[in-house]
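Working notes, beginning with the structure itself.
Taken together, the values in this text are just the output of simple stated rules run on the coordinates, not laboratory data. Just so it is clear, the model here is predicted, and its values are computed rather than measured. Don't worry about glycine lacking a Cβ; one is built from the backbone with ideal geometry, like all the others, and counts go over all protein chains shown.
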Amino acid sequence: MKFTFCSAALVLAAHAHAADWAQWRGPNRDGHLSASIAALPKEAKPLWSIPVGSGQASPIVADGKLIYLDEQTGKEVAHCVDLKTGKELWQTPVGESEAFSNAYGTGPRCTPLLDGDRVYTQTCKGEFRCLALADGKILWQTSFDKDWAAPFFGNSSNVPEAKETASRRHGNNGSPVIDGDRIFVPVGSPTKGTLVAFDKKSGKVLWTAGKENTAYSSLMVGTLAGTRQVVHLTGDSLMGVEVANGKILWQTPVKTGAKRHVLTPLIVDDSVTISSSSVGLTKFAITKDSGGFKAEPAWKNDKIKITLATPVLVNGHLYGLGTGGNKTEFICADFKTGELKWSQPGFGDYAAIIAAGDKLLVQDMTGTMLLLKASPEKFEELSRLQVCGNTWSHPAIADGKLYQRDKKQLFALELVK
């Protein structure tokens with residue numbers, strides 16, 4: 001296929017030789033790139049591009065391979081391609097697709113996870129698979145419906161229970177996370193477990209926690225108040241769960257009418273920051289005393305509501321998309337106080353935001369990429385380029401190259417020669 005993108009090379013101040021982007025939002029799940037960006041030139045040399053089916057799941061890369069998901073003849077399909085050439089090495093169907101009727105279109109939503117010699121995938125309908133990286137063979141699997149009594153309803157369902165869950169109407173989108181030998185999966189069963197820990201190699205169930213439906217939010221793991229925890233923003237609450245045994249250490253209600261919680265929680269020191277479609281940006285302080293763990297708001301800003309795009313933290317300030325009424329603006333907020341420093345109109349409802357030193361790469365849903373200065377003083381656009389067509393996928397950046405997809409193509413762009 002002929003490469004048709006009007007694109008440009010990013011000149012990085014340092015080679016991004018930490019060559020893996022193996023999970024949602026990068027090596028640390030925080031949207032940070034281990035290199036600064038000096039400029040955004042006018043031209044780029046495309047390395048390769050290949051045709052793909054529909055979907056929004058983001059590509060991931062590690063060990064010279066790229067994994068992506070798309071829709072093919074009614075199936076969600078996992079593909080492995082050679083990172084240098086785009087040549088397909090294998091493909092494996094991982095579950096039935098869902099014919100969504102919305103602006104985002106059909107196809108996979110959930111970003112896969114690559115760990116060592118294994119790839120983990122999760123479909124919109126809740127089919128979870130562990131695949132061998134070498135050949136795509138299914139090593140173990142679980143079904144949210146058959147194994148966990150969490151059936152997928154679809155967005156046109158009239159079943160009363162469908163009104164109580166977002167993810168089981170519009171897609172199980174929350175990405176799993178690995179910590180040590182455990183993989184944590186947002187199963188979302190109100191009877192058998194909201195969150196499930198599996199042995200990542202065998203698929204053995206280690207523990208379950210909670211009895212709530214999930215939302216769309218991806219899981220995070222961190223140490224809070226001295227204890228290693230999985231942090232999960234469900235359809236009804238924010239909770240911290242001890243990784244070793246599944247004990248819910250703390251939990252606080254987070255309610256929206258549509259249970260539309262998309263933001264990936266930000267874990268910084270002993271705090272967790274979230275927002276949602278009707279919940280203002282809130283930073284919770286996590287503490288522990290003789291009475292146990294507590295999650296109490298350090299601050300809350302009801303004027304900043306972030307619906308889709310998880311912000312990044314750079315030098316004490318959050319940068320992301322804030323929504324007020326029917327408008328979406330790019331915002332900067334003081335992480336210590338929650339104070340809005342500035343806002344810039346003219347953005348759509350989604351953008352992938354990547355921090356690179358003292359600058360930001362912001363790719364919006366039209367496929368336009370902006371290079372911004374990460375400054376609390378003002379919005380400052382340094383340059384922009386059109387990398388692709390409409391997309392709701394988060395790019396992967398590894399070893400000085402950018403990997404991304406739109407509705408028709410998956411491609412690699414040279415960032416550093």
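Below, the figures for the structure above:
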read-out: Low-density loop positions, GluC sites (Glu not before Pro), the range 279-384 - DSSP coil, at most 16 other Cβ in 10 Å; value: E339, E377, E380
read-out: Label point 7 Å beyond Cα of D181 along Cβ direction - residues of the range 86-129 with amide nitrogen under 18 Å; value: 115-118
read-out: Where a label projected 7 Å from the Cα of K303 along Cα→Cβ would reach, residues of the range 352-380 with amide N under 20 Å; value: 375-380
read-out: Efficiency of FRET between K288 and A38 - r from beta-carbon atoms, R0 35 angstrom, step 0.05; value: 0.20
read-out: Electrostatic dipole magnitude of the range 190-298 [Cβ: Lys, Arg +1; Asp, Glu -1; Cα centre; debye, to 20]; value: 360
read-out: Residues in the range 269-292 reached by a label modelled at K327 [backbone nitrogen below 18 Å; 7 Å Cα→Cβ]; value: none
read-out: Simple spin-label estimate for L89 and E296 in nanometres, 7 Å along Cα-Cβ; value: 5.1
read-out: Residue (of L206, L113, T323) at the positive-pole extreme of the range 11-414, dipole from beta-carbon charges; value: T323
read-out: Most positive-pole-ward Cα, W24, A132, M369, against dipole of the chain from beta carbon charges; value: M369
read-out: Estimated distance in nm for a label pair at Q386 and A149, the labels positioned 7 Å out from Cα along Cα-to-Cβ; value: 5.3
read-out: For the range 138-220, convex hull volume per residue from C-alpha positions, Å³; value: 90
read-out: For the chain, calculated [θ]222 nm from helices alone, where every DSSP H run of n ≥ 4 adds -39500 (n - 2.57); value: 0 deg cm²/dmol
read-out: Fully extended contour minus Cα-Cα distance, from S278 to D115, at 0.36 nm per residue; value: 55.2 nm
read-out: Linear extension gain, N245 paired with V205, 0.36 nm per residue minus alpha-carbon span; value: 13.3 nm
read-out: Overall dimensions of the chain by Cα: Rg and Dmax, Å; value: 20.1, 65
read-out: Theoretical gain in end-to-end length, T252 to E414 [0.36 nm per residue, Cα-Cα removed]; value: 53.9 nm
read-out: Rg/Rh for the range 227-350, where both radii come from Cα atoms and Rh is the Kirkwood radius; value: 0.98
read-out: Unit charges on C-beta of K, R, D, E only; dipole of the chain, Debye; value: 300
